[in-house]
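A quick write-up on the structure given underneath.
The values are calculated or read from the model by the stated rules, or taken from the named source; none is laboratory data. What you see is a predicted model, and the numbers here were worked out from it, not measured in a lab. So basically every Cβ, Gly included, is an ideal-geometry build from the backbone, and we count neighbours across all protein chains shown.
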Amino acid sequence: MSEDTAAMGKPTLSPFNIVAGVILLVGGILTILRFTQGLDAVTNLSDYNPWGIWIGFDLLVGVALAAGGFVTSAAVYLFGMKHYHAAVRPAILTGFLGYALVVLALHYDVGRPWRLPYPFIMQRGTTSLLFEVAACVALYLTVLFIEFSPAALEWLGLKRARSIVVKLTILLTIFGVVLSTLHQSSLGALFLIAPSKLHPLWYTPYLPVYFFVTAVIAGLSMVIFESTLSHRFFSHKMDAAHLAEKDTVPLGFGKAAAFVLAGYFIIKVIGISAGNTWHYLATGYGAWYLVEVLGFVALPAFLYAVGVRDKNITLIRWTAAWTVLGIVVNRFNICLVAFNWHLPASERYFPHWMEIGISVFIVTLGIVIYRFIVTRMPVLYEHPDYDAH
Amino acid sequence: METINTLQEFMLHTKNITYVLMVVALLGITGFWLFLTERDDD
């Protein structure tokens, strides 16, 4: 394609390439340190704080933000909203890369990563929530890989294989919704085992419900956010159908996000009421909780609604970015800030700079792979030789 | 606030408030939906 030659004509030493190259180089060195010197050399993890930002950010945030895949494919293939069809492949790709990087991050976090398959062959209890999460993430990563494969097969010219995979679309979408519902909620349920460690404002029996609902919000917002960046940086790769969705996707997904956020705000208040934890709102933790609930739930619900009413795409896009940040704040609060809240300050966890470095490395790796794929495969445009499925 | 000594008292107290909140929430979400979709036909 002419765009390919144009893209290839770009200077190799672009600012993006230099910054990404430096991050990947430093990340590579940190990776060697992690796997040769062990967790203690590169992390501040301890017996009190066995889960740091590799779980709080890379895993919990990564899984939530990757929910755009199942949300979009369910909207298009199960609920028949075909006018969002062009958003499916970028959302599936984002989801697939998100989950793949979650699994990669787990290799860093788990002390003996070669034992990651153990839940399937060694464990004794299928009632374990960790087993459910492991099983669902492994299965859903496979589902996302197959769901994305038509784009790769079109790129490789494998028409017969592509036609077989396309026939599985509805089945894979149903699998995706079921598996996502199971493990998104189970990630929240993991914290139900620690009622004495998690601050009462964040601890509630509704945690699994909260995690699932916030995953839907994260998925909707992430599709808008990712679509904004794609239109900004890859518009030359888009066909007419994708360019036409520049406004329809933010309007439709923003409306859905506004309503789900409003519902989430209500069940958060109900959670406080059912737990009778009102008095904690007057404490320092309460102030931070109010920042989360009012600033990152109620405010974006209102801003999304105003954006949809006024058809203000810019406002919707900024709100999507704010909501994505809110998901990060929520997962950090549950996994790090409000966790072990009773411990003295000297025992509290703060990530080592090398932990942050590995997380930045993994995110950068995801962006580089995303760019590699969308500049080559038919993700932001329909391949001219194939009908849309 | 009167002292809560038993699970019965706790449930009575929290459900009293929660039921009132649910009525407010149902009215609120209906109003929010109307606010959100008011200009859909434009």
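Brief remarks follow.
- Residue pairs whose Cβ atoms lie under 9 Å apart, separated by 6 or more positions or on different chains, with the first residue in region A:111-125 and closer than 17 Å to residue A:139 by Cα and among the aliphatic types (A, V, I, L, M) and the second part of a loop (DSSP other than H, G, I, E, B) and at pLDDT 85 or above, are A:116/A:110.
- Of all the residues in region B:1-30, those that are facing chain A (nearest Cβ under 10 Å) and within 30 Å of residue A:252 (Cβ to Cβ) number 6.
- Checklist (1) farther than 18 Å from residue A:65 by Cβ; (2) within 14 Å of chain B (Cβ to nearest Cβ) applied to residue A:304, failing item: (1)
- Any hit, region A:62-71, residues being under 16 Å from the mean Cα position of the chain (by Cα), more than 20 Å from residue A:244 (Cα to Cα) and not in a helix (DSSP H, G or I): yes
- Hits in region B:31-42 - residues which are part of a loop (DSSP other than H, G, I, E, B) and either more than 10 Å from chain A (Cβ to nearest Cβ) or more than 30 Å from residue A:306 (Cα to Cα) (or both): B:41
- Among residues that are more than 20 Å from residue A:32 (Cα to Cα), touching a Ser or Thr at 6+ places or on another chain (Cβ under 9 Å) and either surrounded by fewer than 23 Cβ atoms within 10 Å (Cβ to Cβ) or acidic (Asp, Glu) (or both), residue A:71 is not included.
- Any hit, region A:175-186, residues being buried (at least 19 other Cβ atoms within 10 Å of the Cβ) and more than 17 Å from residue A:215 (Cβ to Cβ): no
- Remark: pairs (first residue in region A:191-213, more than 14 Å from residue A:330 (Cα to Cα) and in contact (Cβ under 8 Å) with a residue 12 or more places away in the chain; second residue of a type in the set (D, E, K, R) and buried (at least 19 other Cβ atoms within 10 Å of the Cβ); Cβ separation under 8 Å; 6+ apart in sequence or on different chains) are absent.
- All conditions in (1) part of a helix (DSSP H, G or I); (2) at pLDDT below 95; (3) not acidic (Asp, Glu) hold for residue A:123, with the sole exception of (1).
- Note on region A:146-189: among residues that are among the aliphatic types (A, V, I, L, M) and not in a helix (DSSP H, G or I), the one that is nearest to the chain's Cα centre (by Cα) is A:168.
- Verdict on residue A:220 being outside any loop (DSSP other than H, G, I, E, B), at pLDDT 95 or above and surrounded by 16 or more Cβ atoms within 10 Å (Cβ to Cβ): yes
- Only listed residue being within 30 Å of residue A:288 (Cβ to Cβ), outside any helix (DSSP H, G or I) and not polar (S, T, N, Q), chosen from A:130, A:192, A:106, A:201: A:201
- Restricting A:107, A:183 to residues that are under 18 Å from residue A:59 (Cα atoms) and touching a Cys at 6+ places or on another chain (Cβ under 7 Å) narrows the list to A:183.
- The residue list A:314, A:248, A:283, A:319 contains one member that is free of Cβ contacts under 8 Å to residues at least 12 places away in the same chain, away from every other protein chain (no Cβ under 12 Å) and more than 30 Å from residue A:195 (Cα to Cα), which is A:314.
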